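A short write-up of the structure that comes next.
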Amino acid sequence: MEQKCLLRHNPNCILMYKIIKNDMTKFEENNPEKLKEFIKQLRILVDEFHPNIYTIDKVFLGLEIIENSISDELNK
């Protein structure tokens, strides 16, 4: 079952969805460049929505967890 982007009309959200979808199909490869691009695009998306989410503490905690997990995976 495909997940739908909650912000379908937002180009960054659509790009994130494509990156996530591609990474999931190639997960076995652990493509470091794709994982780095994912983090870069995630930061761009968070920056874009910062005025709307800056008061939600768990969003930034979640971002830190994602970045740390991917960093750990890249440094195995």
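The values are calculated or read from the model by the stated rules, or taken from the named source; none is laboratory data. These numbers were taken from a predicted model, which means no experiment stands behind them. Note that each Cβ is placed from the backbone with ideal geometry, even for glycine, and that neighbours are counted across all protein chains shown.
Read through the list (1) modelled with pLDDT of 85 or more; (2) surrounded by fewer than 14 Cβ atoms within 10 Å (Cβ to Cβ), then give the number of the only condition that L42 fails. That leaves (2) as the condition not met. All told, K36 falls short of being at pLDDT 85 or above and exposed (fewer than 12 other Cβ atoms within 10 Å of the Cβ). Inside region 48-72, residues that are surrounded by 13 or more Cβ atoms within 10 Å (Cβ to Cβ) and assigned to a loop (DSSP other than H, G, I, E, B) make up a count of 1.
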